[in-house]
Amino acid sequence: MNIPTRRLLALAGAGLAFSLAACTTSTGAGSDGSASAAASDYKLPAAAQTVLDEAMKAPTWTPPKTSPKAAKGKFVVSVPCAEAAVGCARPGDAFLQAAKALGWRTQLIDPAGDPKKTQAALKQALQLGANGVWMPGGTVEAVGTDLLKQMRKAGVAMFTLGGRSQPLGPSAWSGIMNNDYGLTSPALAAYVAKDSGGKAKVLMVNDSEFPDVANGVKVFESKLGEYCPSCKISQRLDFSITDISTTLPSRVKAILQAHPDINYIYAPYDFAATQMSTALAQAGLAGKVKLVGADGNPQNIQAIKDGTQTVSYARPSELMGWVVADQMNRIFNGQPTINDAAGFQTEDYPTQLLDQSNLPTDVAKPWDAGVDYQSDFKKLWGVG
């Protein structure tokens, strides 16, 4: 489960500049016209095309110019939303890897998507004397305001993977790795509008337990209507993360069978999209109903290559885990964190919208924009 870069802020700004354009024939969603779409009189508005082109081009990333040497004797804990959820596990596991490179003791505590277990995990981390906690997918709603204040009062550096819904400050999060899907949704909406030739009928799937995931759904719906008045939201489905491997596929299958006009599914994040691919296959709709998502997990990039998923907004989850370790190391050294243009502690990590036209050569490798971030950080930290 990405997203605070200057690039994404520019995309959001371009989306706000949208205006309806004259109609002509659409040839596909990819910026090079490679993604197929049914011929129609629809043309993606110019501002939306700009959003799409910017999202699909290859990104760049520049590491911080300076960073303090590794703090000594630290103990850090990763508490992901659920270790079974790839979008939470990837940045969580990468953080622990980076922490070990820094010479710190580490521990993983998995709450398995249960808010009560999440709170218990934090209390355990506090009892164990953790200096820092990284919570991919953590929310103040799940943690509880009082417990978060207690952690901070005890001197624990608290980082989460979230967005604007999450509070930042001395009694709240120490740092937020921006993961507001509302910043990636405009490009996904532009993609669906163009790829469908203005004829998208979408099943919107939402995991409303995560406010910044829910914001992505809200923004997608708004932008799709803005970019494509002829496109429609056909049905909506809400689930929780614990439903993904149990009831979600059957619920999606039932909706598709009851509403055969649906030709696109918006998945709130790619771990859920993987399970929805099963529903499409069971319903005999693989390749007929197009699946869009975000995160760019290796399984989903492979699915795009295989044609069982159409597009994903990829983010470098492993790099994000290393960024959190770098930011936490700054705090341990009494230095301020590095903020991006939106005020988040992301160090402007790269993102890219991927379809079959621009997939990386090695689809089995976690997407990282082709940057050697581990070597960059190790050099900055003065570790081998």
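One residue stands out in the range 232-246 among those that are open to solvent by 60 Å² or more (accessible area, probe 1.4 Å) and out of contact with any strand residue (DSSP E or B) (no Cβ under 7 Å at 6 or more places or on another chain): the one that is nearest to Gly216 (Cα to Cα), namely Thr242. Looking only at the range 216-231, filter to residues that are among the hydroxyl-bearing types (Ser, Thr, Tyr) and open to solvent by 20 Å² or more (accessible area, probe 1.4 Å); which one of those is nearest to Ala84 (Cα to Cα)? Looking at the filtered set, the residue picked out is Ser222. When the range 190-215 is filtered for residues that are open to solvent by less than 10 Å² (accessible area, probe 1.4 Å), more than 14 Å from the chain's Cα centre (by Cα) and of a type outside the set (Ser, Thr, Tyr), the ones remaining, listed by number, are Ala190, Val192, Ala193, Asp195, Gly197, Gly198, Ala200, Val202, Leu203, Met204, Val205. Looking only at residues of the range 341-384 that are closer than 23 Å to Gln302 by Cβ, charged (D, E, K, R) and within 19 Å of the chain's Cα centre (by Cα), we find that the one that is most open to solvent (accessible area, probe 1.4 Å) is Lys365. A single member of Gly169, Gly162, Gly155 is at pLDDT below 95 and at positive phi, and it is Gly169. Of all the listed residues (Ala120, Ala187, Ala154), the sole one being under 25 Å from Phe239 (Cα atoms), of a type in the set (Gly, Ala, Ser) and open to solvent by 10 Å² or more (accessible area, probe 1.4 Å) is Ala120. Of everything in the range 57-105 that is at pLDDT 95 or above and among the aromatic types (Phe, Trp, Tyr), the residue that is surrounded by the most Cβ atoms within 10 Å (Cβ to Cβ) is Phe95.
A quick yes/no check of all residues on (1) crowded, with 24+ Cβ neighbours inside 10 Å; (2) assigned to a loop (DSSP other than H, G, I, E, B); (3) of a type in the set (A, V, I, L, M); (4) modelled with pLDDT under 95:
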| residue | (1), (2), (3), (4) |
| --- | --- |
| Ile265 | yes, no, yes, no |
| Ala281 | no, no, yes, yes |
| Leu319 | yes, no, yes, no |
| Trp322 | yes, no, no, no |
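Scanning the range 252-263 for residues that are crowded, with 17+ Cβ neighbours inside 10 Å and charged (D, E, K, R) yields a total of 1.
Every condition in (1) open to solvent by less than 30 Å² (accessible area, probe 1.4 Å); (2) within 25 Å of Ala190 (Cβ to Cβ) holds for Gly307 except the one numbered (1). Tell me, please, whether a residue that is at pLDDT 95 or above and of a type in the set (S, T, N, Q) can be found in the range 372-382. For the range 372-382, residues at pLDDT 95 or above and of a type in the set (S, T, N, Q): present.
The values are calculated or read from the model by the stated rules, or taken from the named source; none is laboratory data. Values in this document were obtained by computation on a predicted structure and should not be read as measured data. Cβ: placed from backbone, ideal geometry, glycine included. Neighbour counts: every protein chain shown. To get the accessible areas, we keep the full protein, side chains included, count just its heavy atoms, and leave off ligands, DNA and RNA. Shrake-Rupley method; radii C 1.70, N 1.55, O 1.52, S 1.80 Å.
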